[in-house]
Amino acid sequence: MGSDHTHRRWSHLQKVLERSGPFCRPDFEPSSETLKFLMENCKLLVIGAGGLGCELLKDLALMGFRQIHVIDMDTVELSNLNRQFLFRHKDIGSSKAEIAAKFINARVSGCNVVSHFCKIQDKDEAFYRQFHIVVCGLDSIVARRWINGMLISLLVYEDGEIDPSSVIPMVDGGTEGFKGNARVILPGLSACIECTLDLYPPQVTFPLCTIANTPRLPEHCIEYVKVIQWPKENPFDCAIDGDDPQHINWIYEKATERAAQFGIQGLTYRLVQGVVKHIIPAVASTNAAIAASCATEVFKLATSCCASLNNYMVLNNIEGIYTYTYEAEKKDDCLACSQVPREIEIKDPNWKLKDLIELLCERSDLQMKNPGLTANINGKNKTLYMHTVQSIEEKTRENLQKTLQDLGLRDGIELNVADVTTPNTVTLKLKFSQTDVEML
Ligand SMILES: [Zn+2]
């Protein structure tokens, strides 16, 4: 920061960090050390190098952060180029994280972005522990839940109190079309992703019987071709590739036939593309606004110059521009951050294990994907159902049809549940309804 040029480059930040003001946090002490910490020591992890990720990397680098890591498992696609501005046509097929890091490092002198071309699940606790703040620009709820669980698992408790130095704040941005949100999560201290899981509607899936027998929507016809007709007729001798126009055309033609058969209107080529690729419409300006909010929150957390967002900001640009902030509440029995086993009420003593697994997937506050279950019954650890290892799946499959009672599950028994939505197993406590306990 010696030369005049670099002095001027950061002079706006210096105004904020080297002077006090009415909006400063009470514990904020103006100092030239803060900018030094921000530039030299503060280590950030950006998760996702897509629409939000490109904006985040640009914002953070221009704000003076230099120790930035970025992780993304995806490669650049043609359809990204209209908004993911760190990528060019020649980058198609290359790692988003690598290209984005290279671009920022070349464009913003002094910045050192390190890329990781992999899944977040490929990294361990030691990797995540090195960061001061984690920023997420993700489009996947499962990935959000997983990183949330990871940061919670890094918390250190002493006599029931969280060691503040073990808290890694998570700033999370999300967009869908003209809507977006930004939130600040202090793991263990404020509402986490699982505390507010009911905010995410479960993914729309159509029941197979509707698709096959009573289609009402153009989407039903497209799903029918995708799930039933394609595997049966196997027109191109391969799996569906959403980027192959021949594939989309075939599905479009077959779905149109089916729609005509049932008198369903509104089937278009674009809709076929959308359903097949699960496209969420992306709007560049929404990404820019949400990423800017997230980057500002990172800056506030890193410097304590101003109070953080408390804790959930909503942006809606569908009609005019509308935004508000509210405080999402931490749940006392949150599956991820409360350390209290969640009670699951069993109303019917004749419930089978498969019914319990369905409940874990369907409940809006759990939304598991494919849970595996073990329990300690009479002092013995018993695997009830596990799908991840084929031999165990085969051995435990018959348990799905057994009643909880036959499996030895009683009131108060704790189940250990493993699922893709969490890096660690979670504990659920079975609570049989009163009348049922008497019947047992
Ligand atoms: Zn929570």
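The values are calculated or read from the model by the stated rules, or taken from the named source; none is laboratory data. All of these numbers come straight from a predicted model, not from anything done at the bench. As a convention, Cβ positions derive from the backbone with ideal geometry for all residues, glycine included, and neighbour counts pool all protein chains shown. In case anyone asks, the SASA skips ligands and DNA or RNA and just uses the protein heavy atoms, side chains included. Shrake-Rupley method; radii C 1.70, N 1.55, O 1.52, S 1.80 Å.
Summary table
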| item | result |
| --- | --- |
| Only listed residue being in contact (Cβ under 8 Å) with a residue 12 or more places away in the chain and away from the ligand (no atom under 11 Å from the Cβ), chosen from Gly177, Gly160 | Gly177 |
| Residue in region 332-342 that is closer than 28 Å to Leu404 by Cα, open to solvent by less than 70 Å² (accessible area, probe 1.4 Å) and in contact with a Ser or Thr (Cβ under 6 Å, 6 or more places away or on another chain) present | yes |
| Residues that are modelled with pLDDT under 90 and open to solvent by less than 30 Å² (accessible area, probe 1.4 Å), drawn from region 347-356 | Pro349 |
| Filter result for Ile168 (open to solvent by less than 30 Å² (accessible area, probe 1.4 Å), in a loop (DSSP other than H, G, I, E, B), within 18 Å of Leu44 (Cα to Cα) and within 16 Å of the ligand (Cβ to nearest atom)) | yes |
| Any chance Thr303 is away from the ligand (no atom under 16 Å from the Cβ), under 30 Å from Val167 (Cα atoms), free of Cβ contacts under 8 Å to residues at least 24 places away in the same chain and not aromatic (Phe, Trp, Tyr) | no |
| Selection within region 265-283 - more than 15 Å from Asn316 (Cβ to Cβ), hydrophobic (A, V, I, L, M, F, W, C) and out of contact with any helix residue (DSSP H, G or I) (no Cβ under 7 Å at 6 or more places or on another chain) | Ile280 |
| Output for region 126-143, where each listed residue is without any contact (Cβ under 8 Å) to a residue 40 or more places away in the chain and either open to solvent by 70 Å² or more (accessible area, probe 1.4 Å) or within 22 Å of His278 (Cβ to Cβ) (or both) | Arg129, Ser140 |
| Scope region 366-389; condition among the charged types (D, E, K, R) and surrounded by 15 or more Cβ atoms within 10 Å (Cβ to Cβ); matching residues | Lys382 |
| Any hit, region 186-206, residues being away from the ligand (no atom under 16 Å from the Cβ), without any contact (Cβ under 8 Å) to a residue 60 or more places away in the chain, crowded, with 19+ Cβ neighbours inside 10 Å and of a type in the set (Val, Ile, Thr) | no |
| Hits in region 321-342 (condition: in a strand (DSSP E or B) and within 16 Å of the ligand (Cβ to nearest atom)) | Arg342 |
| Residue pairs meeting the criteria (Cβ under 8 Å; at least 6 apart or on separate chains; first closer than 18 Å to Gln367 by Cα and free of Cβ contacts under 8 Å to residues at least 40 places away in the same chain, in region 318-338; second among the hydrophobic types (A, V, I, L, M, F, W, C) and within 16 Å of the ligand (Cβ to nearest atom)) | Asp333/Val340 |
| Where Arg363 falls short, out of the listed (1) more than 30 Å from Arg25 (Cβ to Cβ); (2) touching a residue at least 24 places away in the same chain (Cβ under 8 Å); (3) surrounded by 14 or more Cβ atoms within 10 Å (Cβ to Cβ); (4) within 16 Å of the ligand (Cβ to nearest atom) | (2) |
| Scope region 319-351; condition in contact with a helix residue (DSSP H, G or I) (Cβ under 6 Å, 6 or more places away or on another chain) and over 20 Å from Ile168 (Cα atoms); matching residues | Pro349 |
| Helices (runs of 4 or more DSSP H) completely within region 208-315 that count 2 or more residues being closer than 30 Å to Met39 by Cα and either out of contact with any Ser or Thr (no Cβ under 8 Å at 6 or more places or on another chain) or open to solvent by 50 Å² or more (accessible area, probe 1.4 Å) (or both) | 284-303 |
